[in-house]
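*Asks:* Below is one structure. I have some questions about it.
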């Protein structure tokens, strides 16, 4: 697989999403969501796309658990500079962070030591990834990372429970991005933040 370009992050570090924003109260079934006009279905124009569009953008296929090794590759530090991303988050020791689309916990386990009085919820929608997270948690002897099995519309986090929601190369794979973001915002504490990091740029291999 080709190397990703150097760090090209598009994320709103300075933009805090405040809980006081009035949100649409949703409790959708998948059947209702599929009929919702906010999503369009077309012939896929991307090799990694699923033929479903939101706000003009085709949603990408989810990277399966078979790609776990790719997430843990040694070259990732030089390719994506994740240490710099974590530095820019300006984490506080007491922060509770949700790593949405955590995969193998690459970022979860790097943030955890900084949160000496806080915690990380490593959220993923694949049970296989949750199993990997549990194994790595035991191997690394890290107690403040909690794997959480989410689903297509909900990270399954308690309301007002997190200070920061971090999504690294995850948002473009959300099958129901509007519903997922609404539920993420519900999980934020007042003055909580949502940070998106997409290592995409001009890379044609990412939908």
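*Asks:* Using the 10 angstrom Cβ neighbour count as an exposure proxy, how do 117, 161 rank, fewest first?
*Replies:* Values: 117 10, 161 15.
By the 10 Å Cβ count, ascending: 117, 161.
*Asks:* How many nm separate the modelled label positions at residue 90 and residue 128, each set 7 Å beyond the Cα in the direction of the Cβ?
*Replies:* 4.0
*Asks:* Compute the FRET efficiency between residue 72 and residue 191 as 1/(1 + (r/R0)^6), taking r as their Cβ-Cβ distance and R0 = 30 Å, and round to the nearest 0.05.
*Replies:* On the way: r = 33 Å, r/R0 = 1.11.
The computed FRET efficiency comes out at 0.35.
*Asks:* By its C-alpha gyration tensor, with a ≥ b ≥ c as the square roots of the eigenvalues, how is region 67-197 shaped: rounded for a/c under 1.5, else prolate for a/b larger than b/c, else oblate?
*Replies:* On the way: a/c = 1.33, a/b = 1.14, b/c = 1.16.
Rounded shape, in that the Cα axes give a/c under 1.5.
*Asks:* While we're here: How much length, in nm to one decimal, is gained on full extension between residue 138 and residue 45, taken as 0.36 nm per residue of separation minus their Cα-Cα distance?
*Replies:* Stretched out fully, the residue 138 to residue 45 stretch lengthens by 29.3 nm.
Here, each number is a calculation from the coordinates, and none is a lab measurement. What you are looking at is a predicted structure, and each value in this text was computed from that prediction instead of being measured. Using ideal geometry, Cβ is built from the backbone for each residue, glycine included, and neighbour counts are taken over all protein chains shown.
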